[in-house]
Amino acid sequence: MQVEEIQSGSTLIMVIVGRVDASTAAEFETRLAGWTRPGALTGVVLDATDLTYIASRGLRAMVQATRALAGKSGRFLICAPTENVRALLEVTGFDQLLEIHDTRAAAMSALQQPADTHD
């Protein structure tokens, strides 16, 4: 797993290349937790264009990030997931828990809009 982090104001774009698997999930979880701690950021966009696989621990970390940011009126979004990752999100039901956009531009635009509360 390779990670590129691009911060712009209170928003972070986290570009993940490769796999978030048993050997890299802890690092992924730690990075997300650091960025979503109180006072860090209000928006995190995970660019999954080159993410080929994500293990259950990585999925849980994304849900925790979503909850942490929502607790301070922020948002966690995923953009451009590969076909494999999108299928995994759908099969596990995580697509209902996470905000997913087709492109980075769409995710960045969504951050400028109020969150859609599916409740």
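Okay, here's what the table says:
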read-out: Some residue of region 45-65 being free of Cβ contacts under 8 Å to residues at least 12 places away in the same chain, among the small types (Gly, Ala, Ser) and over 17 Å from residue 1 (Cα atoms); value: no
read-out: Close pairs from region 74-86: first farther than 22 Å from residue 35 by Cα, partner acidic (Asp, Glu) and modelled with pLDDT of 95 or more, Cβ under 8 Å, at least 6 apart; value: 82/50; 86/95
read-out: Qualifying residue in region 35-58 (condition: surrounded by fewer than 14 Cβ atoms within 10 Å (Cβ to Cβ), of a type in the set (Val, Ile, Thr) and more than 17 Å from residue 108 (Cα to Cα)); value: no
read-out: Lone unmet requirement of (1) exposed (fewer than 14 other Cβ atoms within 10 Å of the Cβ); (2) under 15 Å from residue 20 (Cβ atoms); (3) among the β-branched types (Val, Ile, Thr) for residue 103; value: (2)
read-out: Residue list for region 16-47, restricted to those being farther than 20 Å from residue 60 by Cβ and out of contact with any helix residue (DSSP H, G or I) (no Cβ under 9 Å at 6 or more places or on another chain); value: 17, 39
read-out: One residue from 80, 106, 87, 48 being among the hydrophobic types (A, V, I, L, M, F, W, C), modelled with pLDDT of 95 or more and in contact with a His (Cβ under 9 Å, 6 or more places away or on another chain); value: 80
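The values are calculated or read from the model by the stated rules, or taken from the named source; none is laboratory data. Model, not experiment: these values are computed from the prediction. Positions of Cβ are backbone-derived with ideal geometry, glycine not excepted, and every protein chain shown enters the neighbour counts.
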